[in-house]
Amino acid sequence: MDRRPADPPPALPPGVKVTEARRCTIGFYRYLYDTVGHDYVWWLRRTLTDAELGRVLADPGVTIHVLYKDGEPAGFYELDRRNRPLVNLSYFGLMPHAIGAGLGRAFLGQAVAEAWEQGTRALTVNTCTADHPRALPNYLATGFTRLRTVREVWNVPLHLGLPIPSRLRIG
């Protein structure tokens, strides 16, 4: 996305808000990451030690934003501004209990608005076939454009206990 969307993001429903976790603890981050990413094979951050993850979370170029519905976490996104003036939407997703509740488009709109609010030349996001089937259509509808498609094969550490969907298995 190389320009701010012309339209403001859709409003969040009543009882729903997004809050920046200004001093996100390692434990809370792991809870968010593991809960949102469990069914989508999010594994990279699971392999970081607490010290490594702590350095990421302490970096002022990285911000964590939590979606709350009726006072409970319902999703999160992470913005990475360490490569300014480019911003990367590193992680974005809903918790299982929030999927299908009509929150995704408005929540993504909030993430995009926040990224542009702090000033950027471009906003990037990556998705893959392991992500929710509505991820790519949601990104495109929000104003992202497909830049490239790359075939990658990842050796997901099986000891993490993540379910690997059959559509992703080789052989």
(request) State in Å² the accessible area per residue of the chain; use a 1.4 Å probe, count heavy atoms of protein chains only, and round to the nearest integer. (result) 59 Å²
(message) If you filter the range 73-171 for chymotrypsin sites (Phe, Trp or Tyr not before Pro), then keep DSSP loop positions with at most 15 other Cβ within 10 Å, what is left?
(response) TRP154
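Give the relative contact order (percent, whole number) for the range 1-65; include only Cα pairs under 8 Å separated by 6+ residues.
Result for the range 1-65 is 44 percent.
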(message) Which of THR120, THR19, THR63 ends up with the largest GNM mean-square fluctuation for the chain, with Cα atoms connected below 10 Å?
(response) THR19
(request) For the range 30-42, just list the computed ³J(HN,Hα) in residue order, Karplus coefficients 6.51, -1.76 and 1.60, θ = phi - 60°, integers in Hz, with x standing in for Gly and Pro. (result) 4, 4, 4, 4, 5, 6, 5, x, 3, 7, 10, 6, 6
(request) Report, by chain and number, residues whose modeled amide H sits under 5 Å from the one on THR124, excluding near sequence neighbours (fewer than 5 apart, same chain). (result) VAL87, ASN88, LEU89
(request) Taking H placed 1.01 Å from N in the peptide plane, check which residues at least 5 places from ALA74 or on another chain put their amide H under 5 Å from its amide H. (result) LEU67, TYR68, LYS69
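Express in nm, to one decimal, how much length is gained between TRP116 and TYR31 on full extension, taking 0.36 nm for each residue of separation and deducting their alpha carbon distance.
Roughly 27.9 nm would be gained on extension.
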(request) Take the alpha carbon gyration tensor of the chain, find the square roots of its eigenvalues, order them as a ≥ b ≥ c, and report rounded if a/c is under 1.5; if not, report prolate when a/b exceeds b/c, else oblate. (result) rounded
(message) Run lengths n ≥ 4 of DSSP H only: what is the helix-derived mean residue ellipticity at 222 nm for the chain, with -39500 (n - 2.57) per run over all residues, to the nearest 500?
(response) -7500 deg cm²/dmol
(message) Based on alpha-carbon centroids, what's the gap between the range 1-77 and the range 137-171 in Å, whole number please?
(response) 19 Å
(message) Accessible area of the chain with a 1.4 Å probe: how many percent of it is carbon plus sulfur?
(response) 52 percent
(request) Give a quick list of trypsin sites (Lys or Arg not before Pro) in the range 110-171 that DSSP marks as loop, anything other than H, G, I, E or B, with at most 15 other Cβ atoms within 10 Å. (result) ARG121, ARG134, ARG146, ARG148, ARG151, ARG169
(message) Using the Karplus curve 6.51 cos²θ - 1.76 cosθ + 1.60 with θ = phi - 60°, what ³J(HN,Hα) values do you get for each residue of the range 139-150, in whole Hz, with x for Gly and Pro?
(response) 4, 5, 5, 7, x, 6, 10, 6, 8, 7, 10, 10
(message) Per residue of the range 12-28, what does 6.51 cos²θ - 1.76 cosθ + 1.60 with θ = phi - 60° give for ³J(HN,Hα)? Whole Hz please, x for Gly and Pro, Karplus curve as stated.
(response) 6, x, x, x, 10, 8, 10, 10, 6, 8, 4, 10, 4, 6, 4, x, 5
(message) For the pair ASP59/CYS128, report the inter-label distance in nm, with labels modelled 7 Å from Cα in the Cβ direction.
(response) 1.9 nm
(message) Testing the spin-label approximation: label points 7 Å from Cα along Cα→Cβ at ARG148 and ILE170. State their distance in nm.
(response) 2.0 nm
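The values are calculated or read from the model by the stated rules, or taken from the named source; none is laboratory data. All figures in this text were calculated on a predicted structure; none of them were measured in a lab. As a convention, Cβ positions derive from the backbone with ideal geometry for all residues, glycine included, and neighbour counts pool all protein chains shown. Remember, those area values only see protein heavy atoms, side chains included, never the ligands or the DNA or RNA. Shrake-Rupley method; radii C 1.70, N 1.55, O 1.52, S 1.80 Å.
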